[in-house]
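Here is the structure we will look at.
The values are calculated or read from the model by the stated rules, or taken from the named source; none is laboratory data. In this text the structure is predicted, and so the values were computed from the model without any measurement. Positions of Cβ are generated from backbone atoms using ideal geometry, with glycine treated the same way; all protein chains shown enter the neighbour counts. SASA here: full protein model, heavy atoms, side chains in, ligands and nucleic acids out. Shrake-Rupley method; radii C 1.70, N 1.55, O 1.52, S 1.80 Å.
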Amino acid sequence: MMALPPQPASTAEPAEDAGRHTAHAWDAAAEAWDRHAPMLNQWLHEATHRMLDAAGVVPGAQVLDVAAGAGDQTLDIARRVGATGRVLATDISPGILSLARAKLQAAGFGAVQTQVADAQLLAPVLRAQGAGFDAVVCRLGLMFCTAPQQALVGALQALKPGGHFAALVFATPQANPCITTLMSTARRHAGLAPASPFEPGTLLSLGQPGLMASLLAIAGFEQIQTVALAAPMRLPSVQHYIHFVQTAGLPIRAILQGLPPAAQAAAWHDIEQQLARFNTGDGWVGANELLLCTATRPLTIAR
């Protein structure tokens, strides 16, 4: 699920407490995030279908959707697998998953299962629901894991031998200038030092070249591929993008919220002016690049 979540908890924070903190933050943003669904679906339409194609999501398939968010790609999965398939959608946020459940039921897919779960702690899901999925997918959620290796091991365990994994994550900082502009400008106005774009749990954390392939290999996957996909965000104006970030972009708001109102307004104005460079004669086109990461569970796993 693509969003701008709170900065990851310190590594000293207990994992259970960090998970609760993340879940509460997503719960608070759930409705605002879901209001942007039409724009996000248009933006991610091609990349989502590339991901589902790569995972082999076909009629009759059994699919686990990890970090499903408000369930927009879950709907796409349900349409593909049809009445003979099975779909399980998980997310750490009960609030945002309830929106997914309502959306699925309204579309006639009430049989799709949902379960609250941290992507990094899938073992309880597999004990309750069983493994043996044909495909595991994750659309713009894996990079928010502070321990992505754990999430990938869980995904491997969820798959049947020969099953397929596919995920979308953000690519390099250089290929995602809108995100880097947002973060660096907000931190500067807040008087904070620049942060590494690869800090675990943040938007660009898995965009370091070669990192996803390495993590997948260590988890035990084979037939690993990563492909860069251009994913420009097309909006009527830069103001539409600023509104999206202000209402759903949690870490930017978190960085600026301690400033006086006038200082916050100045920061947002600065961000808007910098992002105006993406104005075109046909609206605002923000540059983004994603990585489509695919892999297969081996038919046999060495002990």
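Of note:
- Subset of region 97-125 (residues that are farther than 23 Å from R35 by Cα and open to solvent by 60 Å² or more (accessible area, probe 1.4 Å)): A111, L121, P124
- Given (1) over 20 Å from the mean Cα position of the chain (by Cα); (2) on the phi > 0 side of the Ramachandran plot, number of the condition G201 does not satisfy: (1)
- For region 126-150, filtered to residues that are among the β-branched types (V, I, T) and within 17 Å of F165 (Cα to Cα), the residue that is nearest to the chain's Cα centre (by Cα) is V137.
- Residues being open to solvent by 40 Å² or more (accessible area, probe 1.4 Å) and either part of a helix (DSSP H, G or I) or free of Cβ contacts under 8 Å to residues at least 12 places away in the same chain (or both) - total across region 55-81: 2
- Meets criteria (within 30 Å of W284 (Cα to Cα), under 14 Å from the mean Cα position of the chain (by Cα), open to solvent by 10 Å² or more (accessible area, probe 1.4 Å) and at pLDDT 95 or above) for R187: no
- Considering (1) modelled with pLDDT of 95 or more; (2) under 21 Å from the mean Cα position of the chain (by Cα); (3) open to solvent by 20 Å² or more (accessible area, probe 1.4 Å), the lone condition that A295 does not fulfil carries the number (3).
- Residues within region 126-148 that are in contact (Cβ under 8 Å) with a residue 40 or more places away in the chain and either touching a strand residue (DSSP E or B) at 6+ places or on another chain (Cβ under 7 Å) or open to solvent by 50 Å² or more (accessible area, probe 1.4 Å) (or both), tallied: 13
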